[in-house]
Amino acid sequence: MNMSLQDGLDLCRSIILQIQNSSKEVIVAVPYTHLAVLRELCKNSNLKIAAQNCHHEITGAYTGEVSAAMLADLGVNYVLVGHSERRAYNAETNDLLAKKVDAALFQNLQVIYCFGETLEERSSNSHFSLITKQITEGVFHLDETQVKNIVLAYEPVWAIGTGETATRDQAQEMHAHIRTVLSDKYGEEIAQNCSILYGGSCKPTNATELFSQPDVDGGLIGGASLNAADFVSIIKA
């Protein structure tokens, strides 16, 4: 919930200018109020647009909600599902998120499915089983064709704004676990081709070491994405 529409336009214009020759897939997840205008700005660029959330129903009397059908109608490319803040502040469960995943895929949106553990869950050594549960209950009802439209985003909630920092080895350890969980369900080929993003306080100073890990395919960037120079620096990493 950052930036006015004009601020968002300025930010995206700056990013577009700096990534014209980039081969990386770059996506900005913006507020609902910005989607139509920024989608128009980005349509002839290599910057793609995501919504931050969608409702699990296609239509109906859900005042204040936005459906995946509405997002698709705007030409949105991606939607975040299960972001840690949605899970924490809106009590979104894995079962609900599975319905959101289905709604988004039905509208031919690509889903960035987010999950992660709190400091308490990591300290109790339950983080691997928790992550397995979040993935299993959120996306494992999908068939092999559907799951190819899922990007996974691991958010170590304990390393976001807490003063704690995940090391590159901790990031790699969890990403390797996630890929094994995928492989056990869908096979090695699908697991290797699935993008797994790291979303734990990634910034220009630690991006290179995080992205150098074999199972870390990219980043889900928070505060650093609000500054074009910092965001582009992370992209280049």
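Numerical summary
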read-out: Number of the exception - Gly8 against (1) surrounded by 16 or more Cβ atoms within 10 Å (Cβ to Cβ); (2) assigned to a loop (DSSP other than H, G, I, E, B); (3) of a type outside the set (A, V, I, L, M, F, W, C); value: (2)
read-out: Elements of type helices (runs of 4 or more DSSP H) in the stretch 46-144, at least 2 residues being in contact with a strand residue (DSSP E or B) (Cβ under 9 Å, 6 or more places away or on another chain) and either under 23 Å from Met174 (Cα atoms) or of a type in the set (Phe, Trp, Tyr) (or both); value: 84-89, 94-106, 127-139
read-out: Only one of Ala50, Ala68 that is more than 14 Å from Gly138 (Cα to Cα) and without any contact (Cβ under 8 Å) to a residue 60 or more places away in the chain; value: Ala68
read-out: Hits in the stretch 181-217 - residues which are in a helix (DSSP H, G or I) and either of a type in the set (Asp, Glu) or farther than 21 Å from Val111 by Cβ (or both); value: Asp184, Glu188, Glu189, Ala207, Thr208, Glu209, Leu210, Phe211
read-out: Only listed residue being at pLDDT 95 or above, in contact with a strand residue (DSSP E or B) (Cβ under 6 Å, 6 or more places away or on another chain) and surrounded by 19 or more Cβ atoms within 10 Å (Cβ to Cβ), chosen from Leu182, Leu197; value: Leu197
read-out: Residue in the stretch 73-91 that is among the charged types (D, E, K, R) and more than 18 Å from Ala29 (Cα to Cα) present; value: no
read-out: Residue satisfying condition, being within 25 Å of Ile235 (Cβ to Cβ), among the small types (Gly, Ala, Ser) and surrounded by fewer than 19 Cβ atoms within 10 Å (Cβ to Cβ), within set Ala176, Ala153, Ala171, Ala159; value: Ala176
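The values are calculated or read from the model by the stated rules, or taken from the named source; none is laboratory data. Just so we're clear, the structure is a prediction, and the values are computed from it rather than from any experiment. With ideal geometry, Cβ positions are generated from the backbone for all residues, glycine too; neighbour counts draw on all protein chains shown.
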